[in-house]
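The values are calculated or read from the model by the stated rules, or taken from the named source; none is laboratory data. Everything quoted here is computed from the prediction, not taken from an experiment. Positions of Cβ are backbone-derived with ideal geometry, glycine not excepted, and every protein chain shown enters the neighbour counts.
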Amino acid sequence: MRLYLIALTLWGMSLAAGAVEINTANEAELDSVRGLGPASTERILKAREQGPFKDWADLMLRVKGIKPASADKLSANGLTVNAKPYSRSGAELP
């Protein structure tokens, strides 16, 4: 049973290894996401000072330049908001 739990934990860690969580990532981690550069990283960090992003829609409202198309690309490159990838169906702007 213990070996099973260790294997399950390692498997879960391998799945999360490629993800960059926007609410906890530092500048270097955000810069490592293909599609984010120094300017967008700076805007994300500044907006995050007001509080964590609730979801992708909140991110798109608060950070200039992140729209559905770019959110799609960023998510495909490993960016998550509250451990969730972008989904157009659940994150359209109001």
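Can you work out which of the residues in segment 72-94 that are aliphatic (A, V, I, L, M) and surrounded by 15 or more Cβ atoms within 10 Å (Cβ to Cβ) is modelled with the lowest pLDDT? That would be 91. Among residues belonging to segment 45-71 that are touching a residue at least 24 places away in the same chain (Cβ under 8 Å), surrounded by fewer than 16 Cβ atoms within 10 Å (Cβ to Cβ) and out of contact with any helix residue (DSSP H, G or I) (no Cβ under 8 Å at 6 or more places or on another chain), point out the one that is nearest to residue 26 (Cα to Cα). Per the criteria, the residue is 52.
Given the criteria at pLDDT below 90, surrounded by 11 or more Cβ atoms within 10 Å (Cβ to Cβ) and basic (Lys, Arg), does residue 2 qualify? When the stated conditions are applied, residue 2 does not pass them.
The numbered conditions (1) closer than 21 Å to residue 18 by Cβ; (2) of a type in the set (A, V, I, L, M); (3) assigned to a helix (DSSP H, G or I) are all true for residue 36 except (3).
Kindly provide the set of residues from segment 16-36 that are farther than 15 Å from residue 75 by Cβ and at pLDDT below 95, ordered by number. Hit for segment 16-36 is 17, nothing else.
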